[in-house]
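All of the numbers you see were taken from the coordinates with simple rules; none came from a lab. These numbers were taken from a predicted model, which means no experiment stands behind them. Note: ideal-geometry Cβ built from the backbone for every residue, glycine included; neighbour counts use all protein chains shown.
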Ligand code: SAH
């Protein structure tokens, strides 16, 4: 058997691993038996040398990202089985062979027992985004396995930006298998042109699928403002659901062009849709249209704990402006995708905004990421998307 470097934990530091929390912090390590490089597969043992888990060594405060809690060698079969388990969950969840939707997340990092890896599927193409050197080094094998398990025709590696930010390691965005194929995909029956090569994230905010769909169900006869629209998904769902008007706002020209393209693809009457290039808060402060529904889906303002305070202020500003301006009886779909802003903190932030706006606000529904973005119960940090539908009286 191949010799694997062993990471020996300090006495008492094995508890979180026994509970299947997928991270080992540097402070938990007593010593390393052997040589270790960033990305190596290592065995984590307790201070008596007993096996606890397999993981990828990393640099920084998280020293090992764990992917296996049983003593099963992480060979090709092991990884193939992981992908098959993840694929089976998506099938159970109804998004495989679904005539309405062929866009979904296949691997959601820790939520699928594969820390450092995200895989999104767009029709016949899988897009891999690695956040750790260990997963990045496996991209070739993973690409082959994606073809075997999912049957995709192409696999695109979109790791350069994330990987460099997370680990300093360089990567080239490229096709690992196949080439650019059909990029028009479906979500709940609507068509989207997906640009995984140059778009944000892997090209699309898949995590908002069910929340966009809910908006569609409430939109009949309504006037909708979709701020932070990116590819225009909330607007398209609103129009699909019978909205009489949808305005899509973003500060990025590219985003507005993508929105226009997607609107055309779905054949909506251009007279009932408009794109607006503006800063969301500025536009909301000078609101002139009596919208019935406003969507607030800003980017993750706080990517780290250190930025949380500023992020809260930014969320408060946006929510306050929308709550102040929306007509009585209007609904706001408000979101935060910052992992460090938890559900309670977010609700508290919206409450602070309501106090400042001096309006009466009721929570109608709480929203979250969908089933193809699962959260390991041992790793609550995996829950990042939270939203509220609020009514403003
Ligand atoms: N709601 C989208 C995803 C939003 S991503 C969806 O369903 O797909 C966040 C978007 O906010 C990006 O497109 C970014 O360009 C835009 N953005 C960032 N800061 C902004 C600001 N101050 N005003 C308006 N848009 C902004």
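Of all DSSP beta bridges in the chain, what percent run antiparallel (nearest 5)? Could the numbers behind the result be given before it?
Working: 49 of 75 bridges.
If we restrict to bridges inside the chain, about 65 percent are antiparallel.
Considering only beta bridges that DSSP places wholly inside the range 1-68, some 80 percent are antiparallel. Is the C-alpha gyration tensor of the range 6-68 telling us rounded, prolate or oblate? Criteria: a/c under 1.5 is rounded; beyond that, a/b larger than b/c is prolate, otherwise oblate. The shape class here is rounded. Global dimensions of the range 205-392 from alpha-carbon coordinates: Rg and Dmax equal 15.7, 49 Å.
Taking the longest Cα principal axis of the chain as reference, the axis of helix 253-265 is set at about 80 degrees. Over the range 41-103, Cα pairs under 8 Å with separation of 6+ residues give a relative contact order of 18 percent. Comparing the range 248-336 with the 2.2 N^0.38 Å rule of thumb, its C-alpha radius of gyration ratio is 1.21 (two decimals). Evaluate the relative contact order of the range 76-185 (contact order divided by residue number), counting alpha-carbon pairs under 8 angstrom at least 6 apart; express in whole percent. Reported as a whole number, the value is 22 percent. Residues 258, 52 in ascending order of nearby Cβ atoms (within 10 Å, fewest first): 52, 258. Comparing Cα centroids, the range 334-386 and the range 262-293 end up 24 angstrom apart.
Taking N as the number of residues in the range 76-185, what is its alpha-carbon radius of gyration divided by 2.2 N^0.38 Å? Walk me through the intermediate numbers first.
Details: Rg = 13.2 Å, N = 110, 2.2 N^0.38 = 13.1 Å.
With N residues counted in the range 76-185, Rg over 2.2 N^0.38 Å equals 1.01.
Helix 209-218 and the longest principal axis of the Cα set of the chain meet at an angle near 20°.
Let me make sure I get this right: for the range 306-393, a, b and c are the square roots of the gyration tensor eigenvalues over alpha carbons, sorted descending. Under 1.5 in a/c it's rounded, otherwise prolate if a/b > b/c, else oblate. Which is it?
Numbers: a/c = 2.84, a/b = 1.60, b/c = 1.77.
Taking the square roots of the gyration eigenvalues as a ≥ b ≥ c, the range 306-393 is oblate.
Which ordering of 355, 390 is given by a fewest-first count of other beta-carbon atoms within 10 Å? Write down the numbers at each step before the final one.
Working: 355 13, 390 26.
Exposure proxy ranking, most exposed first: 355, 390.
With neighbour counts taken as other beta-carbon atoms within 10 Å, the residues 108, 304 rank, fewest first, as 304, 108. Counting every C-alpha pair in the chain, the share spaced more than 38 angstrom apart comes to 24%. As a length-normalised measure over Cα pairs under 8 Å and 6 or more apart, the relative contact order of the chain settles at 11 percent. Seen against the Cα atoms of the chain and their longest principal axis, helix 76-92 is set at about 30 degrees.
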